[in-house]
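Dropping a structure here in C-alpha cells format, bear with me for questions.
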Amino acid sequence: MSDRNPATGPVVEGPHDPEHDPTASYALDRAYVADLTHRLVATSGRTEEVRSPIGDQPLAHIPQSTDADVEEAFRRARVAQGSWARTPLDVRADALLRLHDLVLDRQAEIIDLICLESGKARKHAFDEPLHIALTARYYARTAHEHLDSRRVRGVFPLLTRVEVNRLPKGVVGVISPWNYPFTMALCDGLPALLAGNAVVAKPDAQTILSGLFAAALLEEAGFPADLWQVVAGPGPEVGPAVVRRADHVCFTGSTATGRQVAQGCAERLIGCSLELGGKNPILVLRDADLERAAEGAVRAAFSNAGQLCVSMERMFVADQVYDRFLERFVARTEAMTLGATLDWGNDMGSLVSRRQLEVVTAHVDDAVAKGARVLTGGRPRPDLGPFFYEPTILEGVTPDMTCFGQETFGPVVSAYRFHDEADAVARANDGEYGLNASIYSRDGGRARSLARQIRCGTVNVNEAFAATFASIEAPMGGMRSSGLGRRQGSEGVLRFTETQSVATQRVTRVAPAHGLSDQTWGKAMTLSLRALKKLGRA
C-alpha cells in the first residue's frame with residue numbers, strides 16, 4: 001500500500017492478496033478516506049457505501065448527516081463568517097492565490113480522486129484543477145475591482161456624496177453535482193469566500209471525497225477551519241435542509257430539482273444561482289473548416305462521456321458539407337481510445353453509475369426502435385467497465401424519440417441537415433433549454449452575428465465549450481429552463497453581496513431651506529433639473 005503524501009497519492013497499489021491484506025479490495029487507503037470524512041458534520045451513525053465506476057471497487061463508507069447536523073454546520077459557519085467578513089480583502093485574496101498554487105501542486109492527487117469517483121478519462125479530470133486554479137487567480141487579482149466601495153453621483157453635485165458598499169450575504173449553501181466534483185464543489189464557493197461569506201457545501205453522494213479534499217485544501221491555503229462546512233446525505237433530505245438555512249443558494253443539477261430549489265428560496269426571499277439542464281446545439285456552417293469542426297465535435301459531444309452540462313447533443317450541419325463532415329466526425333469518433341483507468345491516454349472514460357448507463361441505453365434503444373440510424377457506437381461496453389457506453393452518433397432522430405428533446409447526459413449526439421442558416425438557428429432555439437451552443441465557420445463575424453440570435457447563455461465560435469468556460473471573466477449560465485444567474489465574471493461574485501448605498505448630505509438639506517416655501521422650492525428644483533440636463537449630467 002502506498003503512503004498518502006502528495007508524491008504518491010492515496011491510491012492503493014495492487015495487486016494485493018485479500019487473505020493477508022484487509023484493504024486489498026479498496027481502491028483507496030482507508031486511513032486516507034478517514035482523514036477526509038472526519039471533516040463531515042455527520043452524527044447519525046449511518047453510512048452509505050460509495051463504489052468506483054472503475055472496476056466497481058469500493059471507495060468509502062460515507063457518514064450521513066441529519067437535519068440537526070445541517071443546523072450545526074450553519075451555526076459553525078455563521079460564527080466563522082463574522083470574523084472573516086472583518087478580515088481585510090487583501091488577506092482573503094492572498095488565501096485564494098495560495099489555493100491556486102496548492103491545486104497545481106497537488107493536481108495528481110486531485111485527478112486520482114476525480115477519476116476513481118467519476119470514472120472519467122484523466123485528461124478530462126485534469127480540466128478540474130485547471131479550472132479551479134483559473135478561478136482562484138482571477139478573483140484574487142480582481143478582488144478590489146469587484147468589491148471595493150465606489151463613489152456614484154449624488155442628487156446635488158458637490159453637496160451630496162454617495163458611496164455604494166458590497167456587504168457579504170452571510171452563509172452560502174452550495175449543492176454540487178457528481179459530473180465535475182472538484183470544480184463544482186469549489187468554483188461557486190470561492191468568490192463567495194472572497195466576498196466575506198462562509199459556505200455550507202453539500203456535494204453529491206457519489207463524488208463527495210473530491211469535495212472533502214477541496215475543503216482540506218482550503219484550510220491548508222489559510223482559510224479558517226470552520227468557514228467551509230460539508231454535510232452529506234440524500235439530496236431530497238439534506239438539500240432542502242440547506243435551502244431552509246442559507247442566505248443564498250448555488251445549485252447545479254437537473255431543471256426539475258432546480259425548480260424546487262428556486263421555490264424554496266422564493267419562500268424565504270433569498271437569492272439563488274442555478275445552472276440546470278441543456279440540450280445544447282452545435283452548428284457547422286457551409287464554410288466551416290471541416291477537420292477543425294470534426295475535432296471540436298468529438299470534444300463537444302464526448303468529453304467526460306457526455307456528462308457535461310455544456311456538452312452537445314444536437315448537431316446541425318449545412319447540407320453542402322453534411323456528408324463530408326459526418327465522414328470525418330465518425331472516423332475521429334471511431335479512432336478514440338476508450339478506457340476506465342487512472343492512466344493518461346484515454347479519450348473517453350466511463351459513465352458514473354448504473355442509473356446513468358440505463359438512461360443512455362434507453363434513449364438510444366428507443367431511437368433505434370423508432371427508426372433512427374446508428375452511425376457508430378450504440379452499445380454498452382462491459383468489457384471496459386461496468387457502466388461504459390460507446391460514443392454514439394445517431395442520424396434520423398425525430399420528435400417522437402426520447403432523445404430528440406430530453407437531455408441524455410451521456411455520449412450520444414444526433415446529427416441533422418439544414419438548408420439555410422435561419423432554419424438552423426430556429427431549430428437550435430427549439431425546446432425549453434438555453435445553456436450553451438457552438439458555431440463553426442471560417443467567417444468569425446458572421447458566426448458572432450448568428451450567436452446573438454441563439455438563446456443560450458454561452459456561445460463558442462470554432463470551439464466546443466472551453467473558450468467560454470475557461471475565460472473566467474466571462475459570465476456563464478443558462479437562459480430559459482437552463483438556469484438563473486451567472487457564475488464567473490463580476491456577476492459571479494456580486495451575487496454573494498448585498499448592495500448598500502450610503503449618502504452624506506452637506507451644506508443644504510434635500511428639502512425647502514432658508515425660509516423658502518414648498519412652492520418656491522419646487523420651482524427652484526425644476527430650474528436646477530433643466531440646467532443639469534443642458535449641462536449633460538446623467
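Provide the percentage of antiparallel DSSP beta bridges, counting only those with both residues in the chain; round to the nearest 5.
Around 40 percent of the beta bridges assigned by DSSP in the chain are antiparallel ones.
How about Lys370: which aspartates and glutamates have a C-alpha closer than 16 Å to its C-alpha, ignoring those fewer than 8 places off in the same chain?
Glu395, Asp400
Considering all projection directions equally, how large on average is the shadow of the alpha-carbon convex hull of the range 41-143, in square nanometres?
It is 8.3 nm².
So, one more: Run the paramagnetic zone check for Phe156: 7 angstrom along Cα to Cβ, then residues of the range 481-503 with backbone nitrogen under 19 Å.
Once the point is set 7 Å along Cα→Cβ of Phe156, 502-503 turn out to lie under 19 Å by backbone N, inside the range 481-503.
Further question on the same structure: What is the packing order of peptides 399-406, 478-485, 176-183, taking the mean over residues of other C-beta atoms within 10 Å and listing the highest first?
176-183, 478-485, 399-406
Report relative contact order for the chain in percent, whole number only (criteria: Cα-Cα under 8 Å, sequence separation at least 6).
Normalised by residue count, the contact order of the chain is 16 percent.
Order of 435-446, 286-297 by packing, highest average Cβ count within 10 Å first?
Packing proxy ranking, top to bottom: 435-446, 286-297.
Accessible area of the chain with a 1.4 Å probe: how many percent of it is carbon plus sulfur?
That share works out to 51 percent.
While we're here: For the range 179-217 and the range 28-99, what is the centre-to-centre distance using only Cα atoms, to the nearest Å?
Centre-to-centre distance over Cα atoms comes out at 9 Å.
Another one. Antiparallel as a % of all DSSP beta bridges within the range 151-267, to the nearest 5?
Just about 15 percent of them are antiparallel.
Just to confirm, what accessible area per residue do you get for the chain at 1.4 Å probe, in whole Å²?
42 Å²
May I ask you to list the lysines whose Cα is less than 20 Å away from that of Lys169, ignoring any residue fewer than eight positions away on the same chain?
Lys202
Same structure again: Can you spot the aspartates and glutamates whose alpha carbon is less than 14 Å from Lys523's alpha carbon? Ignore those fewer than 8 places along the same chain.
none
The values are calculated or read from the model by the stated rules, or taken from the named source; none is laboratory data. Just so it is clear, the model here is predicted, and its values are computed rather than measured. Note that we place each Cβ from the backbone using ideal geometry, even for glycine, and neighbour counts take in every protein chain shown. Note: areas computed on protein heavy atoms with side chains; ligands, DNA, RNA excluded. Shrake-Rupley method; radii C 1.70, N 1.55, O 1.52, S 1.80 Å.
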